[in-house]
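**Q** Please find one structure pasted underneath; my questions will follow.
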């Protein structure tokens with residue numbers, strides 16, 4: 001799981017163009033949305049939905065579902081591990 | 001009048017860690033907005049009562065190239081999947097909004113795209129911004145960023161008493 005979390009961090013940094021940020025800057029359990037965490041917003045959910053589909057063959061039904069899946073890197077990794085098709 | 005600038009080639013990430021470090025949204029910004037954000041941090045980091053909402057400070061950002069560097073990045077992303085994260089920075093006035101939001105400045109917030117760097121025109125516009133009854137100071141910046149690795153910056157924190 002640890003490897004998958006690190007892999008996802010790098011993919012999120014790349015997908016969201018978080019230029020200058022490293023995987024070490026993102027805590028596994030920190031919220032991805034809101035000022036307390038990574039500062040992502042609803043626009044970014046769209047990027048993350050595409051990321052899951054392209055890389056792991058996971059198709060989310062809606063951005064609302066995405067908000068649950070993208071609570072933190074650890075939550076996201078657990079979801080990917082349980083639902084990936086590639 | 002306080003003044004700040006960022007030399008082309010500087011590590012914006014290093015400057016962020018030096019001057020702010022507590023605003024992860026910085027990493028999502030395009031280069032134009034990062035430069036504006038950092039210039040404002042440099043000029044007001046030691047102000048008392050920072051982040052207290054105020055309406056008496058204007059944000060006036062000037063450039064020649066606007067957000068063309070990010071526009072090109074967004075156009076490139078369309079070859080694969082058009083990036084929403086890049087799309088949201090395809091307006092030249094996003095930089096002034098980012099600065100206003102970060103600092104809780106509720107005064108005038110404007111971005112001007114000029115044909116060239118014209119000091120007389122810039123300061124005439126700044127003087128006009130002070131003509132209302134509420135504006136007492138302004139963050140003024142020339143941020144020209146034709147490419148992510150090619151930019152010129154100059155910023156000032158101007159009090160009304162500096163001009164009148």
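Please treat every number below as a calculation from the coordinates, not as lab data. Keep in mind the model is a prediction, meaning the values are calculated, not measured. Positions of Cβ are backbone-derived with ideal geometry, glycine not excepted, and every protein chain shown enters the neighbour counts.
**Q** Output the antiparallel fraction of DSSP beta bridges having both residues in chain B, as a percent to the nearest 5.
**A** Approximately 50 percent, going by the DSSP bridge assignments.
**Q** Need the full-extension length gain, residue B:79 to residue B:113, defined as separation in residues times 0.36 nm minus the C-alpha distance. One decimal, nm.
**A** Fully extending the segment from residue B:79 to residue B:113 adds 9.5 nm.
**Q** Based on the Kirkwood radius over alpha-carbon pairs, what value in µm²/s does the Stokes-Einstein equation return for the translational diffusion coefficient of the range B:33-109 at 10 °C and 1.306 mPa s?
**A** Rounded to a whole number, D works out at 116 µm²/s.
**Q** In peptide A:31-40, how many Cβ atoms from other protein chains are near each Cβ within 10 Å, on average?
**A** The shielding value for this peptide is 2.
**Q** What is the mean number of Cβ atoms from other protein chains located within 10 Å of the Cβ atom of each residue in peptide B:80-88, rounded to a whole number?
**A** Partner Cβ neighbours, averaged per residue: 5.
**Q** Using the C-alpha gyration tensor of chain A, what are the square roots of 5 times its eigenvalues, in whole angstrom, with the largest one first?
**A** Three semi-axes, in Å: 18, 15, 12.
**Q** Once you average over the residues of B:20-26, how many Cβ atoms of partner chains fall within 10 Å of each Cβ? The partial results should precede the final answer.
**A** Values: counts 0, 0, 1, 2, 13, 6, 5.
The shielding value for this peptide is 4.
**Q** Could you work out how far the C-alpha centroid of the range B:31-65 sits from that of the range B:120-156, in angstrom?
**A** Taking the Cα centre of the range B:120-156 as reference, the centre of the range B:31-65 is 10 Å away.
**Q** Next question, about the same structure. Quick one: Cα centre-to-centre distance for the range B:88-119 and the range A:29-71, in angstrom?
**A** 28
**Q** Sticking with this one: Which three lengths, in whole Å and largest first, does the protein assembly as shown cover when its Cα atoms are put on their principal axes?
**A** Answer, in whole Å and largest first: 67, 39, 31 Å.
**Q** Still on this model: Normalised by the residues of chain B, what does the relative contact order come to in percent, with Cα pairs under 8 Å and at least six apart?
**A** 35
**Q** From the gyration tensor of the Cα coordinates in the range B:82-164, what semi-axes in whole Å does the equivalent ellipsoid have, largest first, with each one equal to sqrt(5λ)?
**A** Sorted largest first and rounded, they come to 25, 17, 10 Å.
**Q** Using only Cα atoms, tell me the angle between helix B:119-129 and the longest principal axis of chain B; keep it within 0 to 90° and round to the nearest 10.
**A** Its long axis makes an angle of about 60 degrees.
**Q** Give the peptides B:112-124, B:60-72 in descending order of average Cβ contacts within 10 Å, highest first. Kindly include the intermediate steps, with their values, before the conclusion.
**A** Numbers: B:112-124: 12.5, B:60-72: 21.4.
So the peptides B:112-124, B:60-72, ranked by packing, come out B:60-72, B:112-124.
**Q** Right, here's the next one. In degrees between 0 and 90, to the nearest 10, how far off the longest principal axis of chain B does helix B:68-77 point, with axes built from Cα atoms?
**A** 30
**Q** If you take every DSSP beta bridge fully contained in the protein assembly as shown, what fraction is antiparallel? Give it as a percent rounded to 5. If you can, show how the numbers build up before the last one.
**A** Working: 12 of 25 bridges.
Restricted to the protein assembly as shown, the bridges split so that about 50 percent are antiparallel.
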